[in-house]
């Protein structure tokens, strides 16, 4: 059983770092079958809820405990379909009976792990939920997050274009920007995927009509792209956003002049491509 290993710590980071080697060996053995992995996830969901794992450490878990995709995917789909059959897609409620609450925890945990182990059919399952307007936003944002984690560079460009500038842009755009930046950080070593993310966000911000959405991503983007930070395109976007009323969202309660004035003094600017046609034509399966 996997309970003894998981009982050693509440926090996943703590558990990961302090687990004795003999328990690592034992857990590896348990996770060599879909049945063992299913037991492990159900134990985690039932005992600790959806916050047991830091999603940034899930890939480390996969590597450390040598969990294979062909083992994990059947277990994940089993938990997923079983949970949906029982609770459907109703959002979380504090009034849920305990058995319903636990089943919803299982559903959310299964979705979280899909992003780590997804093959093409599982990615399509995630994307289908993310684009389904009949489902609650809490499920759609979570599946979008996991799809982005699993997507390759080309798929990343395609989904970000849809959710930031295309037919899905009315859905939780600030969250999509946030997930784009999280995915960028996780894609360390995947230069094409990082380029796909930055290029998509550049194009979207040039068309952004919400100061709240702009403020949700501008600083994070500037921290990750020097070209964007000192670009003429950013100056133009800032000037346009400055004409809109402050949103009072995350401290956005004043003029953007303090951000604009240093840029205006530049004698030379960098450039980022904000052309949607160029972005769509770009093949992110190969380096330009």
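The values are calculated or read from the model by the stated rules, or taken from the named source; none is laboratory data. Small disclaimer: the values here were computed from a predicted structure and weren't measured. Here Cβ is always computed from backbone atoms with ideal geometry, including for glycine, and neighbour counts include all displayed protein chains.
Of all residues in region 210-247, those that are surrounded by fewer than 16 Cβ atoms within 10 Å (Cβ to Cβ), over 26 Å from residue 195 (Cα atoms) and under 25 Å from the mean Cα position of the chain (by Cα) total 0. Within region 118-128, being within 14 Å of the chain's Cα centre (by Cα) and either surrounded by fewer than 22 Cβ atoms within 10 Å (Cβ to Cβ) or in a helix (DSSP H, G or I) (or both) holds for 123, 126, 127.
Looking only at region 51-71, decide whether some residue is modelled with pLDDT of 95 or more, in contact with a helix residue (DSSP H, G or I) (Cβ under 6 Å, 6 or more places away or on another chain), assigned by TED's automatic domain parsing to the domain that holds residue 19 and in a helix (DSSP H, G or I). Yes, some residue in region 51-71 is modelled with pLDDT of 95 or more, in contact with a helix residue (DSSP H, G or I) (Cβ under 6 Å, 6 or more places away or on another chain), assigned by TED's automatic domain parsing to the domain that holds residue 19 and in a helix (DSSP H, G or I). Of the helices (runs of 4 or more DSSP H) lying entirely inside region 159-235, not one contains at least 3 residues that are at pLDDT 95 or above and in contact with a strand residue (DSSP E or B) (Cβ under 6 Å, 6 or more places away or on another chain).
Step by step: first the residues of region 166-180, then only those that are in contact (Cβ under 8 Å) with a residue 40 or more places away in the chain and crowded, with 20+ Cβ neighbours inside 10 Å, then the one that is farthest from the chain's Cα centre (by Cα). Which residue is that? Filtering first and then ranking leaves 173.
In this entry, residue 144 passes the filter for residues that are part of a helix (DSSP H, G or I), at pLDDT 95 or above and under 14 Å from the mean Cα position of the chain (by Cα).
Does any residue of region 27-43 turn out to be in the same structural domain as residue 106 (by TED's automatic domain parsing) and either modelled with pLDDT under 60 or in contact with a strand residue (DSSP E or B) (Cβ under 7 Å, 6 or more places away or on another chain) (or both)?
To start, the set of residues in region 27-43 that are in the same structural domain as residue 106 (by TED's automatic domain parsing) comprises 27-43.
Okay, now just the ones that are also either modelled with pLDDT under 60 or in contact with a strand residue (DSSP E or B) (Cβ under 7 Å, 6 or more places away or on another chain) (or both), so none.
Scanning region 27-43, I find no residue that is in the same structural domain as residue 106 (by TED's automatic domain parsing) and either modelled with pLDDT under 60 or in contact with a strand residue (DSSP E or B) (Cβ under 7 Å, 6 or more places away or on another chain) (or both), so the answer is no.
The residue of region 248-288 that is surrounded by the most Cβ atoms within 10 Å (Cβ to Cβ), among those that are in contact with a helix residue (DSSP H, G or I) (Cβ under 8 Å, 6 or more places away or on another chain) and in a helix (DSSP H, G or I), is 279.
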